[in-house]
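Here the structure comes first, spelled out in structure tokens, and everything after it is commentary.
The values are calculated or read from the model by the stated rules, or taken from the named source; none is laboratory data. Owing to the predicted nature of the structure, the values given are computational and were not obtained by experimental measurement. Every residue, glycine among them, receives a Cβ derived from its backbone with ideal geometry; neighbour counts consider all protein chains shown.
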Amino acid sequence: MALLSGWLPLAGQQPDLTAAQLEQFQAAEGAFSAQRYANAADGYAKLAGALPDSAEIHAKLGLSLFFSRRCDRSAPAFERALELRPDLKAAQVLLAICLSELGRYDEALPGLEEGYAHPPNYPGVKRLAALELVRSYLGLRRHARAAKVTAELHAAHPDDPEVLFHANRTYREAAVQASLDIARAAPDSVWAHQAMGETYESRRFYDLAVMEYRKALDKEPGRPGLRYRLGEAMLALAGDPAQAGDALEQFELELSANPNHASAAWRAGEIHYGRSQPERALRYYEQAVRLRPDFGEARLALGRVLLDLKRVEEATGHLEKAVELNPENPLPRYQLARAYREDGKTAAQREQLNIYRRLQTDRKQLDQRLLLGTASGRPQSADNHSAGAP
């Protein structure tokens, strides 16, 4: 409860109260401490009616409503508290967060920018202000500023799942906006067609992506990486690598022009492997790994095809490296277990299979939580309240 306890003293000293009011105040405080925010809000609201000039009471009312996700009601409470005590920095930031949640981005922006640049000395407030500042910038279509704050937030909280979620959304929206800006500035340029192709591809409109990439190639046939992007869209459109002849052609054309394109080599190998052509696949996988030794997917694919070709010792080395590169991916674990079995290393095989099963179970549980909408990455408690629908 670090965030909660840090934000409780919003207005300083306890107000002067009658005996009955003191009892009501203590009951509200107890409900708040127990995270029964609706009950706390009811108590503070009654006190606020009796003590309309108490900044302390209005601030606590606003805070209890804030943690109840009732920004529509907490904003007026914070506004009243700030009328009485303009120096309440935490209330200023919380009011700005509520205004942003309500879609009043222009009004929220000054408070959010101040709260992010000079946060009050309460745990978690800078992160919370940053998340809401990104929301407001996006709402005002200031994508460059949103991306800048997102990058700073990501650097400060690299493993925070909520930050990562918002980073994904921000960068995606910024990319879409940049594509639209290019299209407006130079609608028939190679840049516009490639940008729109990437936008369509990211949204899984693969047929439209193919169309835009072809238009870009008409403008600049030798543009590096463009045939790879076209191949990716074609491969996704085909669904089955064995049926992706057009995609294979594009990957091979990319490699002809740019022999250092490891991803194109890997994709070409995947198509040949899907066609039951392991020797051809092997050549491309080896090229991809040679170009990028840390390319985990290519390492896995190379180990897999070597294992199919009964080159167990070579396969084992690549699969061990694939596990090292991505220890949370169950697929290299399974293939490595196959290699250990072929080599007679039953204990090592059993260990990898156990890890594989655990990782598979973890993924299935995560998929189920995502399906049910419960994989938020954070508990719904006051410590972790953040941007979202009030």
Candidate set: segment 302-342, residues that are farther than 15 Å from Glu286 by Cα and among the small types (Gly, Ala, Ser); chosen: the one surrounded by the most Cβ atoms within 10 Å (Cβ to Cβ): Ala339
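Please specify each residue of segment 302-318 satisfying the condition of being in contact with a Gly (Cβ under 6 Å, 6 or more places away or on another chain) and under 19 Å from Arg267 (Cβ atoms). Give the steps one after another, and end with the answer.
Let us first name the residues in segment 302-318 that are in contact with a Gly (Cβ under 6 Å, 6 or more places away or on another chain), namely 315, 318.
The answer is His318, and nothing else.
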Criterion violated by Ser202 - all others in (1) within 32 Å of the chain's Cα centre (by Cα); (2) surrounded by 16 or more Cβ atoms within 10 Å (Cβ to Cβ) satisfied: (2)
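Which residue is farthest from Lys148 (Cα to Cα), if the candidates are limited to segment 174-190 and must be in contact with a helix residue (DSSP H, G or I) (Cβ under 6 Å, 6 or more places away or on another chain) and modelled with pLDDT under 90? Spell out how you get there, then give the answer.
Step one: filter segment 174-190 for residues in contact with a helix residue (DSSP H, G or I) (Cβ under 6 Å, 6 or more places away or on another chain), giving 174, 176-177, 179, 182-183, 186, 190.
Imposing the further condition that a residue be modelled with pLDDT under 90 reduces the set to 174, 176-177, 179, 182-183, 186.
Numbers: Ala174: 11, Val176: 16, Gln177: 15, Ser179: 18, Ile182: 20, Ala183: 23, Ala186: 25 Å.
Among those that are in contact with a helix residue (DSSP H, G or I) (Cβ under 6 Å, 6 or more places away or on another chain) and modelled with pLDDT under 90, it is Ala186.
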Segment 331-390: number of residues that are at pLDDT 50 or above, closer than 30 Å to Ala130 by Cβ and not in a helix (DSSP H, G or I): 2
Selection within segment 70-97 - outside any helix (DSSP H, G or I) and surrounded by 23 or more Cβ atoms within 10 Å (Cβ to Cβ): Leu88
Sole residue being basic (Lys, Arg) and buried (at least 19 other Cβ atoms within 10 Å of the Cβ), chosen from Arg299, Arg292: Arg299
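Residues checked against (1) among the polar types (S, T, N, Q); (2) in a loop (DSSP other than H, G, I, E, B); (3) at pLDDT below 85; (4) farther than 30 Å from Ala117 by Cβ:
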residue	(1), (2), (3), (4)
Ala146	no, no, no, no
Val149	no, no, no, no
Arg172	no, no, yes, no
Glu198	no, no, no, yes
Leu208	no, no, no, yes
Met211	no, no, no, yes
Gly222	no, yes, no, yes
Arg229	no, no, no, yes
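Assess whether Asn168 counts as being among the polar types (S, T, N, Q) and assigned to a loop (DSSP other than H, G, I, E, B). Steps first, please.
Details: among the polar types (S, T, N, Q): yes; assigned to a loop (DSSP other than H, G, I, E, B): no.
Here the answer is no, as Asn168 does not meet what is asked.
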Residues located in segment 55-69, provided they are of a type in the set (Gly, Ala, Ser) and surrounded by fewer than 24 Cβ atoms within 10 Å (Cβ to Cβ): Ala55, Ser68
